[in-house]
Protein chains: 2
Amino acid sequence: MLFRQLFDPESSTYTYLVADPTTRQAALIDPVLEQLERDLTLVKELGLTLTHVLETHVHADHVTASGQLREHTGCQVVASQGGASCADRHVRHGERVKVGELSFQVLSTPGHTDDSVSYLLGDRVFTGDALMVRGTGRTDFQNGDAGQLYDSITRTLFTLADETLVYPAHDYKGRTVTTIGEEKRFNPRLAGKDRAAFIQLMDELHLPPPKKLDIAVPANRSCGLGPALPQV
Amino acid sequence: MLFRQLFDPESSTYTYLVADPTTRQAALIDPVLEQLERDLTLVKELGLTLTHVLETHVHADHVTASGQLREHTGCQVVASQGGASCADRHVRHGERVKVGELSFQVLSTPGHTDDSVSYLLGDRVFTGDALMVRGTGRTDFQNGDAGQLYDSITRTLFTLADETLVYPAHDYKGRTVTTIGEEKRFNPRLAGKDRAAFIQLMDELHLPPPKKLDIAVPANRSCGLGPALPQV
């Protein structure tokens, strides 16, 4: 498998390029509009055909490149049931997305937003903002729900093997990856905390709203192709 | 092998934690002083013993955490011949550094600085500022030499297998890794350029000096333990 982790410094977003080396078919997970040229160049240089964009959720902190990528490559945009209406395919828990000979398994992991999914591929899982390195996504907008997020993490993600590599949609301290086992043991929001304690902790975060919330959410519902978007 | 790529956003420096899963012995490559606590915490959480810090060169853009790490863990600091005098071991081209059952091979790759080395470990090479993603280190201070850098890249690094993963000390565009084959084909400073063209290109860059040059170089010669250093 060809695998590249990419980072958008402005929004601290991780984008993943994952490709099947046999067919050269590729997917981008959570691409960022401002990085469109970088990512298209890399796909071309590596001799890949972009067949899919996989969105983990409707993002509030950056605008997706999915629509532009679809226009440039003809790829299919995949989102969850309840995700961006502009997507070509809306997937449910347990469905699979095939990219060449790679098969991503969809895991429903709502709670950060009501449309959040993770994508499991072999020994690694792309968790979006559900589970991050020693952290989790916030739960105070876009129908976020702390109890639901606790359930998604503890009943779905934490049933994966401890060795499973967890690739999140963000990190703000320069960490690139973690494992399910590590997060069970060391995630300060989860280790040793029951559902009620997690809900209380999330309720008491009182975070400022994401800077791009009002722009990004509607833009992402139209795959980043709506009016008044950043020019790239 | 346990492998973690870590990023310092201020200096855009990549640090690598590499460990032997059998003995749990670990090395940090190019650790950054400001990330001391993050890195010590990770080493502890993963149940590792830090036995080595490997420096690719005396850095000009950040201060190393090597001295502090040695004080905290008793690890050995490894630098090249001509590298920081504070190091416990000075290595030459072809020598090996054993970390548990892992064996890093030292490759002399001067040109960015006169003390630059790369560390080869199986299918991956840690190139410091010699070879970066679609770029190279600059060659206009610390006895940098563009011709020497061209030779280091083309005669040493480019003799590695095309599939070799290249992990650099920096990237400024959110790219985390490349391969030898990609850089042969797509590095704009090298692809299709001979030695004279590379030297001319480097001579004409006219980059501003690194912000921390006057602090970082003397600090790094004493493993980050000199006076007037940033407090962590």
Some residue of region B:63-71 being modelled with pLDDT of 95 or more and within 23 Å of B:Lys173 (Cα to Cα): yes
Residue count, region B:75-86 (criterion: touching an Asp or Glu at 6+ places or on another chain (Cβ under 7 Å) and crowded, with 19+ Cβ neighbours inside 10 Å): 6
Counted residues, region B:33-72 - those being part of a helix (DSSP H, G or I), surrounded by 19 or more Cβ atoms within 10 Å (Cβ to Cβ) and more than 14 Å from every other protein chain (Cβ to nearest Cβ): 5
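Condition check ((1) in a helix (DSSP H, G or I); (2) free of Cβ contacts under 8 Å to residues at least 40 places away in the same chain; (3) more than 24 Å from B:Asp61 (Cβ to Cβ)) across all residues:
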site: B:Ser103; (1), (2), (3): no, yes, yes
site: B:Thr127; (1), (2), (3): no, no, no
site: B:Gly144; (1), (2), (3): no, yes, no
site: B:Gln148; (1), (2), (3): yes, yes, no
Single residue of A:Thr154, A:Thr139, A:Thr178 found to be within 19 Å of A:Leu107 (Cα to Cα) and within 13 Å of chain B (Cβ to nearest Cβ): A:Thr178
Any hit, region A:184-191, residues being within 14 Å of another protein chain (Cβ to nearest Cβ) and polar (S, T, N, Q): yes
Residue list for region A:196-223, restricted to those being assigned to a helix (DSSP H, G or I) and touching a helix residue (DSSP H, G or I) at 6+ places or on another chain (Cβ under 7 Å): A:Phe198, A:Ile199, A:Met202, A:Asp203
Selected residue [more than 14 Å from A:Phe126 (Cβ to Cβ) and within 15 Å of the chain's Cα centre (by Cα)] from A:Ala79, A:Ala65: A:Ala65
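State yes or no: is B:Thr139 over 14 Å from the mean Cα position of the chain (by Cα), assigned to a loop (DSSP other than H, G, I, E, B) and of a type in the set (S, T, N, Q)?
Values: over 14 Å from the mean Cα position of the chain (by Cα): yes; assigned to a loop (DSSP other than H, G, I, E, B): yes; of a type in the set (S, T, N, Q): yes.
So B:Thr139 fits the description; yes.
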Unmet requirement for A:Ala216, which otherwise passes all of (1) modelled with pLDDT of 95 or more; (2) at negative phi: (1)
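Could you grab me the full set of residues in region B:175-195 that are part of a helix (DSSP H, G or I) and surrounded by fewer than 17 Cβ atoms within 10 Å (Cβ to Cβ)? Walk me through it before giving the result.
Start the filter on region B:175-195 by keeping residues that are part of a helix (DSSP H, G or I), which leaves B:180-186, B:195.
Residues satisfying the conditions are B:Gly181, B:Lys184, B:Arg185, B:Arg195.
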Whichever residue in region A:5-28 is assigned to a loop (DSSP other than H, G, I, E, B) and more than 11 Å from chain B (Cβ to nearest Cβ) and, among such residues, is farthest from A:Thr51 (Cα to Cα): A:Thr22
Residues located in region A:157-174, provided they are surrounded by 20 or more Cβ atoms within 10 Å (Cβ to Cβ) and within 14 Å of chain B (Cβ to nearest Cβ): A:Val166, A:Tyr167, A:Pro168, A:Ala169, A:His170, A:Asp171, A:Gly174
Subset of region B:92-118 (residues that are of a type outside the set (Gly, Ala, Ser), farther than 18 Å from B:Val32 by Cα and under 14 Å from the mean Cα position of the chain (by Cα)): B:Phe104, B:Gln105, B:Val106, B:Leu107, B:Thr109, B:Pro110, B:His112, B:Thr113, B:Asp114, B:Asp115
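Tell me whether region A:30-40 contains one or more residues that are in contact (Cβ under 8 Å) with a residue 60 or more places away in the chain and touching a Gly at 6+ places or on another chain (Cβ under 8 Å). Before you say what the answer is, go through the steps one by one.
Residues of region A:30-40 in contact (Cβ under 8 Å) with a residue 60 or more places away in the chain: A:30, A:33-34, A:36-37.
Now narrow it down to the ones that are touching a Gly at 6+ places or on another chain (Cβ under 8 Å): A:30, A:33.
Yes, the conditions are met somewhere in region A:30-40.
The values are calculated or read from the model by the stated rules, or taken from the named source; none is laboratory data. Every value quoted in this text rests on a predicted model; they were computed, and no experiment measured them. Cβ coordinates were reconstructed from backbone atoms using ideal geometry, including for glycine residues, and neighbour counts include every protein chain displayed.
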